[in-house]
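The values are calculated or read from the model by the stated rules, or taken from the named source; none is laboratory data. Bear in mind the structure is a predicted one, so any value in this text is a computation, not a measurement. All Cβ positions, glycine included, derive from the backbone under ideal geometry; neighbour counts span all protein chains shown. Calculation scope for accessible area: heavy atoms of the full protein, side chains included, ligands and nucleic acids excluded. Shrake-Rupley method; radii C 1.70, N 1.55, O 1.52, S 1.80 Å.
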Amino acid sequence: MDFLLQLLVNGLVIGSVYALAALGFVLIYKASRVLNFAHGDFLALGTFVAFALATSLRLPVIPSIILTLVCFFVLGLVVERVVLRPLIGKEVIAVIMVSVGLSSVIKGIMYLVWGPGYFLFPEFLPDVPIIIGDVYLSPMHLLGLAISAALLGLFSLFFKRSTLGVAMRAVADDQQAALSLGVSVRKIFAVSWGIALVSAVAAGVVVGSITSLSTEGLSAIGILVFPAVIVGGLDSVPGAVVGGLLIGVLENLTAGFIDPLLGVSLRSVVPFIVLVLILMMKPYGLFGTVEIERV
Amino acid sequence: MTQPTTAGTPLPVAGSPPVTAGAAQTLLTVNNIEVVYQDVILVLKGVSLTVPKGQIVALLGTNGAGKSTTLKAISGLLSAEEGHVRQGSIIYRGRDIANADPASVVQAGIVQVLEGRRIFKHLTVEENLRVGTITRRDGAVREDMEMVYHYFPRLYERRRQLAGYCSGGEQQMLAIGRALMVRPQLLLLDEPSLGLAPMLVQEIFAIVQRINVEQGTTILLVEQNARVALSVAHSGYIMENGRIVQEGPVEQLKNNPDVKEFYLGLTESGTRKSYRDVKAYRRRKRYM
Ligand SMILES: Nc1ncnc2c1ncn2[C@@H]1O[C@H](COP(=O)(O)OP(=O)(O)O)[C@@H](O)[C@H]1O
Ligand SMILES: [Mg+2]
């Protein structure tokens, strides 16, 4: 029982990080129907940049992270402007191939600079476990959960309460109608890339602090984002959150209960099995947009 | 917030003086424009029209005549459909806005209500209105929302509902209300009567007329329903196959024998013709 609880808590912590990463992916898809296959690579790159600022440049950790987030917001705007805008109106497959290419380029850069090894983020919290009931949590786990929850809350406020956020949802709904009211669709695309990279890097930094940094490990989160967003519904922000949490919990339960029985690790396969099962039952995911039809 | 009154008292809105009939300054002039889609499909073949400030101008014509294209040429939305103004000019308050960026046209005070309502289905009614304020820099958004609810009390009742679940009439009201949030000088309405029951059409046109009188909003109204359009307009144009074929003050158009027959469905004696006859006439006229 305690073991189960512990696995659930660990699953929720890591799941909240997946949710954060998935949010950015969904945002780009919702605004511009682009499937960003480079999402995990941006996540990894941002985490390494924050790491480099904190270690090579010896900046304090928190300012390094904040500086990286700001830079990646700007990078998002630039990538949209330089790489994706020329592709507006082109075939979907062309846009996908460009994002796949982008993914390879970023991976290449990371291998060149940091190689395939593992790195540890500088500690910035005391390593005393916090014990609640029978559940052990490190301060970093708790902070990670808090950061993910705070950012997810902030984004959902932004989409509900700010005019720009509401306009972003409007563009996702009917681009031409949004254009007719003076919404600059280009600006919306750019901002969604900016926010997407911020959410990806925030997720990467949290994972990197909890576990370790490696090019391979971090960019793999980009793959895990797929089951998360597809389970939730490709175009649903709440769906991304639920999907992310679900995948995190399932991974941990598998690692705790099934892997020891079989003697092989299934934890990274299970999310995809769930993905297939859910798609068979609900092709739009659990929260995906179903066309509203008036009765 | 309290429920806005539905009484007919006009709400004062800053910056829009009451219109005085007769003092007709020109707000918009379309000069002999040609519009092509994809660089090859010539749809408007030299269209000219004038919209006097404070008036309602009707642009009538059958399906495919080029009415929506004309509105999109003015609002700049052509660019989103690979169309552009190849020749001619569109002068709005002394500036040529042909092929301008849609957002800048909205900022200049022109807003188009697209054909088929096109509300944001997954946003609430109030969020739909909110999108209309994206180009606004002033703080009067709240008052304007009250103004929209004043004209369309039904929208107030539904303000927290998803717009996709509103009835067709409510969606049309929302599409117009959303455009009013821009606080436009010139409102381009594309077939607001489309697919609505006659009672609702009456209701919406009465409100459009009140907005014109009380807010001083100039309106260019595209319609296939000539009868109802001519009942509210000051002047009108009739378009066929990418050209203007008739124009004049409403009284003159209403008495024009061609307009009577083909667009109002009346015989010489003023009685209504059956729809089938009118359709046959139209067909004949097309092939002539
Ligand atoms: N995006 C487009 N690309 C190519 N042709 C178009 C496009 N939009 C409209 N057309 C053509 O232009 C003509 C006029 O269309 P439209 O302006 O929508 O007419 P109306 O609003 O009077 O019904 C039609 O023949 C239509 O097929
Ligand atoms: Mg039309």
Partner aspartates and glutamates whose C-alpha sits under 14 Å from that of B:K72, ignoring same-chain residues fewer than 8 away, are B:E34, B:E81, B:E82, B:D101, B:E115, B:D190, B:E191
Residues in region B:124-139, backbone N under 18 Å from the label point at B:S104 (7 Å along the Cα-to-beta-carbon vector): list them, ranges by number please. B:135-136
Would you mind giving the mean number of other chain beta-carbons within 10 Å of the Cβ of each residue in B:129-141, as a whole number? 4
Cut-off 14 Å between beta-carbons: net charge of the residues surrounding A:F72, Lys and Arg +1, Asp and Glu -1: -2
Using θ = phi - 60° and Karplus 6.51 cos²θ - 1.76 cosθ + 1.60, couplings along region B:57-65 (whole Hz; Gly, Pro as x): 10, 9, 10, 10, x, 6, 4, x, 5
Take every Cα-Cα distance within the protein assembly as shown, group them into 20 Å bins from 0 onward, and report for each bin the whole-number percent of pairs it holds. 18, 42, 27, 11, 1
Given a 1.4 Å probe, how much area per residue of region B:17-156 is accessible, in Å²? 39
Enumerate the calculated ³J(HN,Hα) couplings along region A:258-273 in order (Karplus 6.51 cos²θ - 1.76 cosθ + 1.60, θ = phi - 60°), each rounded to whole Hz, writing x wherever the residue is Gly or Pro. 8, 4, x, 5, 8, x, 10, 8, 9, 4, 8, 8, 3, x, 6, 5
Taking a probe of 1.4 Å and counting only protein heavy atoms, give the total accessible area buried between chains B and A in Å², rounded to the nearest 100. 2500
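If contacts are Cα pairs under 8 angstrom and at least 6 residues apart, what is the relative contact order of chain A in percent?
Numbers: 461 pairs, mean separation 110.0, N = 295.
Normalised by residue count, the contact order of chain A is 37 percent.
If B:K72, A:K187 are ordered by their accessible area, calculated over protein heavy atoms with a 1.4 Å probe, which sequence runs from highest to lowest?
Values: B:K72 30, A:K187 105 Å².
In descending accessible area the options line up as A:K187, B:K72.
Sorted by accessible area (1.4 Å probe), largest first, how do A:R58, B:R142 line up? Numbers along the way, then the final one.
On the way: A:R58 195, B:R142 110 Å².
Solvent-accessible surface, decreasing: A:R58, B:R142.
Please identify every one of the GluC sites (Glu not before Pro) in region B:26-101 that sits in a loop by DSSP and has no more than 16 other beta carbons within 10 Å of its own beta carbon.
Working: sites: B:E34, B:E81, B:E82; in loops: B:E82.
Passing both the DSSP loop test and the Cβ count: B:E82.
On average, how many beta carbons from a partner chain sit within 10 Å of the beta carbon of a residue in A:182-191?
Values: counts 19, 7, 7, 3, 2, 2, 1, 0, 0, 0.
What the average comes to for A:182-191 is 4.
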A:V113 - accessible surface, heavy atoms, 1.4 Å probe, Å² rounded to 10: 90
Given the protein chains as shown and a 1.4 Å probe, how many square angstrom of A:I93 are accessible, to the nearest 10? 100
Region A:189-295, accessible area per residue, ligands and nucleic acids excluded (1.4 Å, Å²): 41
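Given a 1.4 angstrom probe, I'd like the percentage of the accessible area of chain A that is carbon and sulfur, rounded to a whole number. Display every interim value, and only then the final one.
Values: 9610 of 13250 Å².
The nonpolar share, carbon plus sulfur, comes to 73 percent.
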Set A:K30/A:K282; B:K53/B:K260; A:K160/B:K121; B:K67/B:K254; A:K160/A:K282; A:K30/A:K160, cut-off 22 Å on Cα-Cα distance; pairs above it are B:K53/B:K260; A:K160/A:K282
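Relative contact order for region A:1-135: what percent, with Cα pairs under 8 Å and sequence separation of 6 or more?
For region A:1-135, the relative contact order is 36 percent.
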Partner shielding of B:186-193, taken as the mean number of other chain Cβ atoms within 10 Å, equals 0
Applying a 10 Å radius around every beta-carbon, put B:155-168, A:197-210 in order of their mean neighbour count, most first. A:197-210, B:155-168
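Using a/c under 1.5 as the rounded threshold, could you call region B:20-99 rounded, prolate or oblate? The axes a ≥ b ≥ c are square roots of the C-alpha gyration tensor eigenvalues, and prolate needs a/b larger than b/c, oblate otherwise.
prolate
Roll a 1.4 Å probe over the protein chains and send me the accessible area per residue for region A:37-139 in Å².
Accessible surface, normalised per residue, equals 56 Å².
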When a/c reaches 1.5 or more, the comparison of a/b and b/c decides; with that in mind, is region B:119-183 rounded, prolate or oblate per its Cα gyration tensor? prolate
Please work out the FRET efficiency for the pair A:I130 and A:R267, using the Cβ-Cβ distance as r and a Förster radius of 30 Å; give the result to the nearest 0.05. 0.75
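For the full complex of protein chains and a 1.4 angstrom probe, list B:K260, B:K67 by accessible area with the highest value first. Working shown, then result.
Working: B:K260 50, B:K67 10 Å².
Per-residue accessible area, sorted high to low, gives B:K260, B:K67.
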Full-stretch length increase - B:E81, B:N63 - with 0.36 nm per residue and alpha-carbon distance subtracted: 4.6 nm
How large is ³J(HN,Hα), in whole Hz, for each residue of region A:45-57 in order, when computed from phi with the Karplus curve 6.51 cos²θ - 1.76 cosθ + 1.60 and θ = phi - 60°, using x for Gly and Pro? 4, x, 5, 5, 5, 4, 4, 5, 4, 6, 9, 5, 8
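Would you mind telling me the antiparallel percentage of the DSSP bridges in the protein assembly as shown, rounded to 5?
Values: 31 of 49 bridges.
Within the protein assembly as shown, antiparallel bridges account for around 65 percent of the total.
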Ignoring ligands, DNA and RNA, what percent of the accessible area of region B:119-183 is carbon or sulfur (1.4 Å)? 47
For B:Q55, what residues show an amide H to amide H distance below 5 Å, using hydrogens built from the backbone and excluding near sequence neighbours? B:I219
Roughly how much of B:H122 is accessible, in Å² to the nearest 10, using a 1.4 Å probe? 60
